[in-house]
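Chemist: If you scroll down you'll find the structure; I have some questions about it.
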Amino acid sequence: MVLAVLVAGCGNARQHAPDPARTQKPAAAKRVTFAAVGVSVAAPSNWVQSGGGRPLVALFGSGSSAVAVWRYPRKEPIPTSRSELQLVQANLSDAIQARDRSARIEHTGIVDVHGVKGIQVVALERPNGQSRRVRSTHLFAHATELVIDAFAPPAEFAQVDRSVFAPLIDSLRWRPPATGGR
């Protein structure tokens, strides 16, 4: 009996379970292709990936951080000139404020991701009552609007933005869909 008690006390120090709400440090990125909509990105291989119904293309997540990729058919003309993009930029800011009066827009700007023009908005929002910093990138091409919403708790955002969000957006490859798209 004493031996059993002594053996039971041997071994490694007590291990604590990881906090499921804490974002994992990203592992090496893997390229994920969604041929039906003409999109591919490189996402951390240790983040959970799921698909979704239209208009959601994919969701990548770890803890309280996530990246959602959306694809919307666009009835309006694709904005190409600086003035058209500035109008879209103003409309996006207005839409964010209308959807969430407590949202605080920190930055908006016109972006170019591998020749595709768009708008990027960084804001502090409270989806479902949880404070999140969000980088929302809206790109316009192929008669569609591709939206990459990347969000994390404010305390984790800067690190996750550098290690996951910015590289994922930079890895984006977008071409006309292989099929009619979705």
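Chemist: Of the options LEU87, ALA98, GLY51, report the single residue whose Cα projects farthest towards the positive end of the charge dipole of the chain (beta-carbon charges: Lys, Arg +1; Asp, Glu -1).
Modeler: The residue sitting most towards the positive pole is GLY51.
Chemist: Can you give the Rg to Rh ratio for the chain, taking only C-alpha atoms and Rh from Kirkwood?
Modeler: With Rh from the inverse mean 1/r over Cα pairs, Rg/Rh is 1.13.
Chemist: What percentage of the solvent-accessible surface of region 100-182, computed with a 1.4 Å probe over protein heavy atoms, is contributed by carbon and sulfur atoms? Before the final figure, lay out each step's value.
Modeler: Details: 1920 of 3810 Å².
Accessible surface attributable to carbon and sulfur in region 100-182 totals 50 percent.
Chemist: How long is the gain from ILE78 to ARG162 if the chain were fully straight, where each residue apart is worth 0.36 nm and the alpha carbon distance is subtracted? Mind dumping the intermediate values first?
Modeler: On the way: separation 84, 0.36 × 84 = 30.24 nm, distance 2.93 nm.
This chain segment gains 27.3 nm when fully extended.
Chemist: Further, regarding this structure: Could you give the angle, 0 to 90 degrees to the nearest 10, between helix 82-99's Cα long axis and the longest principal axis of the Cα atoms of the chain?
Modeler: 50
Chemist: With a 1.4 Å probe and all protein chains left in place, how much accessible area per residue does the chain have, in Å²?
Modeler: Working: 10310 Å² over 182 residues.
Here the residues of the chain average 57 Å² of exposed surface.
Chemist: Students often check this: by mean Cβ neighbours within 10 Å, which of 106-116, 53-63, 141-151 ranks highest, and how do the rest follow? Don't skip to the answer; put the middle values down first.
Modeler: Working: 106-116: 12.8, 53-63: 16.9, 141-151: 20.9.
Per-residue Cβ counts within 10 Å, averaged per peptide and sorted highest first, yield 141-151, 53-63, 106-116.
Chemist: Starting from the Cα gyration tensor of region 58-114, take the square roots of the eigenvalues, sort them a ≥ b ≥ c, and report rounded, prolate or oblate (rounded when a/c is under 1.5, otherwise prolate if a/b is larger than b/c, else oblate). Write out the running numbers ahead of the final one.
Modeler: Working: a/c = 1.84, a/b = 1.30, b/c = 1.42.
Verdict is oblate for region 58-114.
Chemist: In debye, nearest 20: dipole of region 88-133 around its Cα centre with unit charges on the Cβ of K, R (+) and D, E (-)?
Modeler: On the way: 7 positive and 5 negative charges, 36 e Å.
Result for region 88-133 is approximately 180 debye, rounded to the nearest 20.
Chemist: Rounded to the nearest whole Å³, what is the per residue volume of the convex hull around the Cα atoms of region 28-131? Show your work: numbers first, answer last.
Modeler: On the way: hull volume 14.6 nm³, N = 104.
Normalising the Cα hull of region 28-131 by residue number yields 140 Å³.
Chemist: I would also like to ask the following. Between the DSSP loop rule and a limit of at most 12 other Cβ atoms within 10 Å, which trypsin sites (Lys or Arg not before Pro) in region 64-161 are left?
Modeler: Values: sites: ARG71, ARG74, LYS75, ARG82, ARG99, ARG101, ARG104, LYS117, ARG132, ARG133, ARG135; in loops: ARG74, LYS75, ARG101.
Of the trypsin sites (Lys or Arg not before Pro), the ones in loops of region 64-161 whose Cβ has at most 12 other Cβ atoms within 10 Å are LYS75, ARG101.
Chemist: When the distances between all Cα atoms of region 81-182 are binned every 10 Å from zero, what whole-number percent does each bin get?
Modeler: The percentages, shortest bin first, are 14, 44, 33, 9, 0.
Chemist: Considering the dipole of the chain built from charges on the beta carbon (Lys and Arg +1, Asp and Glu -1) around the Cα centre, which of GLY38, LEU168, ASN128 is farthest to its positive end?
Modeler: Comparing the listed Cα positions along the dipole, GLY38 ranks first.
Chemist: In nm, to one decimal, how far is the modelled label at ALA42 from the one at ARG99, with both set 7 Å along Cα→Cβ?
Modeler: 2.9
The values are calculated or read from the model by the stated rules, or taken from the named source; none is laboratory data. Worth saying up front: this structure is predicted, and the values here are computed from it rather than measured. FYI the Cβ positions are ideal-geometry reconstructions off the backbone, even for glycines, and counts take in every protein chain you see. Calculation scope for accessible area: heavy atoms of the full protein, side chains included, ligands and nucleic acids excluded. Shrake-Rupley method; radii C 1.70, N 1.55, O 1.52, S 1.80 Å.
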